[in-house]
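A quick write-up on the structure given underneath.
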Amino acid sequence: MPANSHTAEQESEEEIPHQKVNILMVDDHPENLLALKAVLASPDYHLVCAGSGEEALKHVLKQDFAVILLDVQMPGLNGFETANLIKSRERSKHIPIIFITAINQTMENVLQGYNLGAVDYIFKPFHPETLKLKVQQFVKIYQNHNKMKQQSELRRQHELKEVNEKLKRTRFHLRKNEELARVIGETLLDTIVTFDEQGCILSVNPAMTRMFGYSEDDLLGKPMFHLMPGFSPSLMDYVKEMTGQLFEAIVRNKDGREIPVEIQIGEAQVEEDYLFVCSIRNIEERKKMENERKRQYDLLEKLVEERTQELSHANEKLRKEIEERKKMAEALRLSREHFYKIFQSSPCLIELRTLKEGKYIDVNASWLNHTGYTYEEVVNQTAPVLKLAGSDHLEEECVRNAEIQYETKSGVIRHGLLSTEILDIQGEKCILSAITDITERVRLESEVARLDRLYLVGEMAAGIAHEIRNPMTTVRGFLELSKSDPEHLMIKYVDLMLGELDRANSIITEFLNLAKNKVSDKKRQYLNPVIEGLYPLIQAEALMNDKFVSLQLDECPELYLDEKEISQLILNLSLNGLEAMSSGGKLTLKTYTEKGAVVLEVKDEGDGIKPEFLETIGTPFFTTKDTGTGLGLAICYSVAERHHAVIDLKTSEQGTTFFIRFAMAGENQSEATP
């Protein structure tokens, strides 16, 4: 690039003044406009507020804007109608419009906004920094576009100025050599034509033949319009005014083709007559070059503008992508750091293994401390290092707090609660296992259970002695009576003694059922078939007393159950319910799932339980029946405890309902639990 061109560009850049950028904000709520002004406040912006679509159109007619923030829902002209009118006007159709709305948030409204030419569609409440950054980008695009337009205009003016200066110099030289031109006219490449005041051609130089094909004889005495269409004597006053000036015109050659030329006319006075000298220069090639140059310049300007927009969009997209990747990388780093800290500092025994091969990827310090193994002995091993008891099929699905036993390196058996989770690490399925060591808790529970049994023995000793002493006293009395008079011992007295002995035996049998150290033979099975098997027995008992039994059994998952113990629990509760009702009453047995538990509901229509008896329900030897032993409900509570179930009840004058809630199989259950 020439030095003078570079200097011209620098001057053009310095001449462009810094102006505030107009931004139009349209909203019918003044508080929203105030919020937008607070977000976009900047010394570089001229914020224009409009309270309606009509007011916004007035502002658009008066001034130009870099971007328009337009509310959708407005009285009168709404946002879509206002945008349509703005885009229909040639001067304002290129102004970017950002719709902001808190109501029109459907996809149909969004598409309508974009169809009207919107560049963005923002929902309220919006993020102030995001809106500010978007507006900054549109302002930059607007400023760059204006800057390029101004620089382009200044460059064109500078070039035109240079051309005019060259033309002025040319005219100066032509005037300077006017007299010499007549002498050297024969050797000039330009055509020289002289004519009089009437416009008749007086002479031409040889360049006429080369340039236009006319000979001197073809033009002498002919009017000037023969050579220059539109020329007439009436224009002589204009010709005199143009004397000494350089102008462009059209000359017709001998073949009738019109040629663009550059003409300069000189005036000379010979006595009373005025003569005119016309210098004609063919500028056909120059015009072609100028047109081609203008076409190339327009094309280059368009390409530069398009490329600038593409680069701007690409830079913005790249910047956002880089920022997003940085955030993702930082979040991933923090996540890994937090996981590692939790993994290492957790008191639980945590191990990470591949699901397919079972290879140990990592174990934490607590795992090593509890098991006695070293890190090198465990990592990369594919065979299970810990021998788990009670964990059959646990690796096939995620489990939570399953009771297991594991063996340490020294052969010590410890208790724990196992939880697992299936993870996908770098495309490979892995299993994360966490064992909460409860060995100490199990020991303490066993000790507490032993002490409870001792306490219970002491508490029940008096009850047992009383309940068994009564039939024994009866038997002893009759035996004493028979000793003194054996011949008169009647059969009814023998039957009475046998009944009393059977009652004592029944009390002892039911008392043994309360033993807390009894081992349950649990199997994975459904609860509903157990109830359906007992239904005929319960139904027969009910019909004998003109009562009814209703089953409402929903589909429930499998449970670990001891069928005999669960049958005894159901029979005890059912028979208690039947005994509590008068004739015509209905006993309802219902099953369903609720909050991760299977619920057995036994409901009667009796008179309910008195409030003063609620605290002693389930206590051994407590009964409200004349012939009861007080061990039925105590056995129910003992069975429920061995099945990790919870018994609740609701009672009123309309009846009593017992709820037995069983934890689902796999949650705190195993096949054999003491």
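The table that follows gives values for the structure above.
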{"quantity": "Which numbered condition Ser345 misses (of (1) more than 30 Å from His644 (Cβ to Cβ); (2) surrounded by 13 or more Cβ atoms within 10 Å (Cβ to Cβ))", "calculated": "(2)"}
{"quantity": "Residue match in region 110-118 (condition: within 18 Å of Asp28 (Cβ to Cβ) and aliphatic (A, V, I, L, M))", "calculated": "no"}
{"quantity": "Candidate set: region 234-270, residues that are of a type in the set (S, T, N, Q) and surrounded by 14 or more Cβ atoms within 10 Å (Cβ to Cβ); chosen: the one farthest from Glu197 (Cα to Cα)", "calculated": "Asn253"}
{"quantity": "Qualifying residue in region 560-580 (condition: assigned to a strand (DSSP E or B) and either modelled with pLDDT of 85 or more or touching a Lys or Arg at 6+ places or on another chain (Cβ under 9 Å) (or both))", "calculated": "yes"}
{"quantity": "Wholly within region 187-280, strands (runs of 3 or more DSSP E) carrying at least 1 residues that are over 60 Å from the mean Cα position of the chain (by Cα), within 25 Å of His173 (Cα to Cα) and among the acidic types (Asp, Glu)", "calculated": "246-252, 258-270"}
{"quantity": "Test for Leu417: is it under 24 Å from Gly596 (Cα atoms) and modelled with pLDDT of 85 or more", "calculated": "yes"}
{"quantity": "Sole residue being over 55 Å from the mean Cα position of the chain (by Cα), within 21 Å of Thr651 (Cα to Cα) and either surrounded by 15 or more Cβ atoms within 10 Å (Cβ to Cβ) or not polar (S, T, N, Q) (or both), chosen from Leu587, Leu578", "calculated": "Leu578"}
{"quantity": "Filtered residues of region 98-124 (kept if out of contact with any Ser or Thr (no Cβ under 9 Å at 6 or more places or on another chain) and not in a loop (DSSP other than H, G, I, E, B))", "calculated": "Ile98, Phe99, Ile100, Thr101, Met107, Glu108, Val110, Leu111, Gln112, Tyr114, Asn115, Asp120"}
{"quantity": "Residue within region 637-652 that is modelled with pLDDT of 85 or more and closer than 22 Å to Leu543 by Cα present", "calculated": "no"}
{"quantity": "In region 125-157, residue farthest from Lys37 (Cα to Cα) [restricted to those that are surrounded by 15 or more Cβ atoms within 10 Å (Cβ to Cβ) and of a type in the set (Val, Ile, Thr)]", "calculated": "Ile141"}
{"quantity": "Any hit, region 158-177, residues being within 30 Å of Phe225 (Cβ to Cβ), surrounded by fewer than 16 Cβ atoms within 10 Å (Cβ to Cβ) and modelled with pLDDT under 70", "calculated": "yes"}
{"quantity": "Scan of region 271-304 for residues that are in contact (Cβ under 8 Å) with a residue 40 or more places away in the chain, of a type outside the set (Val, Ile, Thr) and surrounded by 11 or more Cβ atoms within 10 Å (Cβ to Cβ), ordered by number", "calculated": "Tyr274, Leu275, Phe276, Cys278, Ser279, Arg281, Asn282, Glu301"}
{"quantity": "Criterion (touching a residue at least 12 places away in the same chain (Cβ under 8 Å) and within 21 Å of Lys317 (Cα to Cα)) met by exactly one of Lys140, Lys124", "calculated": "Lys140"}
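Each row is one residue, and each column tells you yes or no for (1) in the same structural domain as His145 (by TED's automatic domain parsing); (2) in a helix (DSSP H, G or I); (3) more than 30 Å from Val135 (Cα to Cα).
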{"site": "His313", "(1), (2), (3)": "no, yes, no"}
{"site": "Glu316", "(1), (2), (3)": "no, yes, no"}
{"site": "Glu323", "(1), (2), (3)": "no, yes, no"}
{"site": "Lys326", "(1), (2), (3)": "no, yes, no"}
{"site": "Glu337", "(1), (2), (3)": "no, yes, yes"}
{"site": "Ile361", "(1), (2), (3)": "no, no, yes"}
{"site": "Leu368", "(1), (2), (3)": "no, yes, yes"}
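The values are calculated or read from the model by the stated rules, or taken from the named source; none is laboratory data. As the structure is a prediction and not an experimental result, all values here were calculated from the model. Counting neighbours? That spans all protein chains shown, and the Cβs are built from the backbone with ideal geometry, glycine included.
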